[in-house]
1. Magnitude of the Cβ-charge dipole of the chain, K/R +1 and D/E -1, about the Cα centre, nearest 20 debye?
2. Could you work out the local net charge near residue 47, counting Lys and Arg as +1, Asp and Glu as -1, over the other residues with Cβ closer than 14 Å to its Cβ?
3. Let me have the relative contact order for the chain, percent, based on Cα pairs under 8 Å that are six or more residues apart.
4. Under 1.5 on a/c is rounded, so check that first for the chain, then, if it is not, pick prolate when a/b is larger than b/c and oblate when it is not; a ≥ b ≥ c are the square roots of the alpha carbon gyration tensor eigenvalues.
5. Hey, if you put +1 on the Cβ of every Lys and Arg and -1 on every Asp and Glu Cβ in the chain, which of 12, 26, 47 ends up farthest toward the positive end of that dipole?
Amino acid sequence: MTLSPGDLIATGTPPGVGFAMKPNPVFLQPGDVCRVEIDALGSMDNPVKDA
């Protein structure tokens, strides 16, 4: 398979992450920040806010 610029590879969530954590699942809480960072491109912060 040939990948082209802009193609996405979706793999799902592996066991042991978030809701599947045993014994107590861990969820994002208001005030948490998710940061995505790509070298030579920059970063993006996504704050978690209360509904």
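Throughout, read-outs are computed from the coordinates displayed, never taken from laboratory work. Keep in mind it's a predicted model, so treat the numbers as computed, not measured. Please note: Cβ atoms are built from the backbone with ideal geometry, for glycine as well, and neighbour counts cover all protein chains shown.
1. Numbers: 3 positive and 6 negative charges, 49 e Å.
Dipole of the chain, to the nearest 20 debye: 240 debye.
2. Details: positive: 35, 49; negative: 32, 45, 50.
So the surrounding residues net to -1.
3. Values: 39 pairs, mean separation 12.0, N = 51.
Computed over the chain, the figure is 24 percent.
4. On the way: a/c = 3.01, a/b = 1.34, b/c = 2.24.
In terms of gyration-tensor shape, oblate.
5. 26
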